[in-house]
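Input: a single structure, listed below in C-alpha cells.
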Amino acid sequence: MARDRFVPDFDPDCGDRALSSARQDIVIGRWQGPRDLLRATGRDWPARGHRMRALARACAGSSTVETWLAAEPHSADALVLRAATETTRAFHLAIAAGRGVPIGPHRVDAAVLACLAATEACPDDPTPWTSLISVARLYPSGVRRRELARWWDELYRRDPHSMEGHLQVLHYYSARWHGTHGLMYDFARDAAGAAPAGCALPVLVQYARVEEYRHALDTAGGSPPSTGLGRHWNHDGAIGDVRRTWERWIMGRTRSEVTPGELRDVNYLAHAACLAGEGEVAAPLLRMLGRRATRTPWSYTGDPVQQLVRRRTQWTRPD
C-alpha cells in the first residue's frame with residue numbers, strides 16, 4: 001500500500017482543540033467560550049500564555065473582549081485578555097504602517113495602560129507582563145532601561161522559565177528593534193546556560209539566529225544578500241548551538257509528546273537542525289512533530305510546505 005503523501009498541518013491553535021472551540025465563539029461574538037477556557041486553564045502559565053495569545057489574535061478584529069468586560073467588568077481573565085488584545089492591535093497597526101514608521105504614541109500608551117491594569121487585576125499572572133514587554137518595542141526609542149528591567153523582574157519572579165517572556169525580551173534586544181546582535185545573543189546564551197535540563201530556554205539561541213537573518217534581509221531590502229549569509233545556518237558555531245539545544249532541552253525532557261505551547265519552539269530547533277545539516281538531530285525532531293508544524297520560522301527561508309516535505313524526505317524513513 002502506498003504511503004500517504006506528507007502534508008504539514010499548520011493548525012493556528014497547534015492542536016489545542018479546546019482553544020479552537022473558544023476561538024469559534026469569538027467569531028460569532030460569544031465571550032463565554034474564552035471565559036470558560038481561561039478559567040479551566042488555571043495557573044498552567046505556558047498553556048495560559050499560548051491560549052491568551054491566540055485568543056487575542058481572534059479578538060483583535062472584534063469587540064468580543066469589550067463585550068465580556070461590559071458583562072463582567074471585574075473579571076481578571078477579561079482584563080488580561082484585553083491587555084493581550086490591545087497589544088495585538090497595536091502590532092497590527094505597526095505592520096500596516098510599515099517598518100520604521102511609528103504609530104500614534106497614544107495607541108501604544110493605551111496598550112501599556114491595559115497591561116498595567118491587568119497586572120493589578122491578576123497579580124500572580126506573568127502573562128500581562130509578557131504583553132507589556134512586547135508592546136514596549138513599539139515606542140520609537142523603546143523604554144528606559146530601568147523600566148524594562150523592572151518589568152522583566154516582575155515577569156521573572158512569577159515565571160522564571162517563561163519561554164514567551166524570554167522571547168519578548170530577546171526581540172526587544174535584537175538589532176531589528178532596540179538592541180544589537182551581541183546584546184541579543186548574550187541574553188539568549190545566558191538564559192540557556194541557566195536553564196534546568198528539559199527546559200526549552202536553550203532554543204532562544206535558535207530564535208536569535210533567525211532574528212539576525214531577518215535583520216540582514218531587512219537591511220538588504222527584503223532580498224537575500226549576495227554575500228555575508230552563505231554559512232549563516234551551518235558554520236561551526238551554529239552547528240554547535242543546535243547540538244547543545246538538543247542535549248540540554250530535548251534530551252532532558254521527561255515526556256515525548258509536544259504540547260501546543262511547545263510546537264513553535266520545536267519547529268525552530270528542527271528548522272535550525274535542517275539548515276545546519278544535522279540529520280541526527282533533525283530526523284528525530286521531524287518525527288516528533290509528525291504533520292504538526294508552524295509556518296515560522298520556515299517561511300523566512302522559503303516556502304514552508306516545500307521545505308518540510310523536502311527535509312522529511314531527506315532524513316526520515318517510512319514507518
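The values are calculated or read from the model by the stated rules, or taken from the named source; none is laboratory data. The model shown is predicted, which means the values in this text are computed figures rather than measured ones. Here Cβ is always computed from backbone atoms with ideal geometry, including for glycine, and neighbour counts include all displayed protein chains. Remember, those area values only see protein heavy atoms, side chains included, never the ligands or the DNA or RNA. Shrake-Rupley method; radii C 1.70, N 1.55, O 1.52, S 1.80 Å.
Miscellaneous remarks
- With R₀ fixed at 22 Å, the C-beta to C-beta distance from Y156 to R244 puts the FRET efficiency at about 0.45.
- Extension gain for the segment A97 to T254, taken as residue separation times 0.36 nm less the Cα-Cα distance, is 52.1 nm to one decimal.
- Between the Cα long axis of helix 127-136 and the first principal axis of the chain there is an angle of about 80°, rounded to the nearest 10.
- With a cut-off of 14 Å between beta carbons, the residues surrounding Y139 carry a summed charge of +2, where Lys and Arg count +1 and Asp and Glu -1.
- Order of exposure, largest accessible area first, which applies to V143, V27 with probe 1.4 Å: V27, V143
- With a cut-off of 13 Å between beta carbons, the residues surrounding D218 carry a summed charge of +1, where Lys and Arg count +1 and Asp and Glu -1.
- Candidate values (1) 1.02; (2) 0.96; (3) 0.94, label of the one derived for Rg/Rh (Cα atoms, Kirkwood Rh): (2)
- Ranking R310, R107 from most to least accessible surface, computed with a 1.4 Å probe over the protein chains only, gives R310, R107.
- Within the accessible area of segment 132-289 (1.4 Å probe), percent carbon and sulfur: 48 percent
- Ranking Y300, Y207 from most to least accessible surface, computed with a 1.4 Å probe over the protein chains only, gives Y300, Y207.
- Förster radius 35 Å - calculated FRET efficiency between S62 and D236 (Cβ-Cβ, nearest 0.05): 0.10
- Principal-axis tilt of helix 145-158 within the chain, Cα atoms, nearest 10 degrees: 80 degrees
- Accessible area of R51 in the full protein assembly, 1.4 Å probe (Å², nearest 10): 40 Å²
- Counting only Cβ charges, +1 for Lys and Arg and -1 for Asp and Glu, the dipole size of segment 1-101 around its Cα centre is about 200 debye.
- When the solvent-accessible area of segment 2-79 is split by element, carbon and sulfur atoms take up 51 percent of it, the probe being 1.4 Å.
- Summed over the residues of the chain and divided among them, the accessible surface reaches 48 Å² per residue at a probe radius of 1.4 Å.
- Ordering A175, L269, W298 by the projection of their Cα atoms onto the charge dipole of the chain, which places +1 on the Cβ of Lys and Arg and -1 on the Cβ of Asp and Glu, puts W298 at the extreme positive end.
- Extension gain, Q24 back to R214 (0.36 nm per residue minus Cα-Cα distance, nm): 65.1 nm
- For the chain, the 222 nm mean residue ellipticity estimated from helices alone, with every DSSP H stretch of n ≥ 4 adding -39500 (n - 2.57) and the total spread over all residues, rounds to -19500 deg cm²/dmol.
- To the nearest ten degrees, helix 304-315 and the longest principal axis of the Cα atoms of the chain are 40 degrees apart.
- Using R0 = 22 Å, the C-beta based FRET efficiency linking A149 and R189 works out to 0.75.
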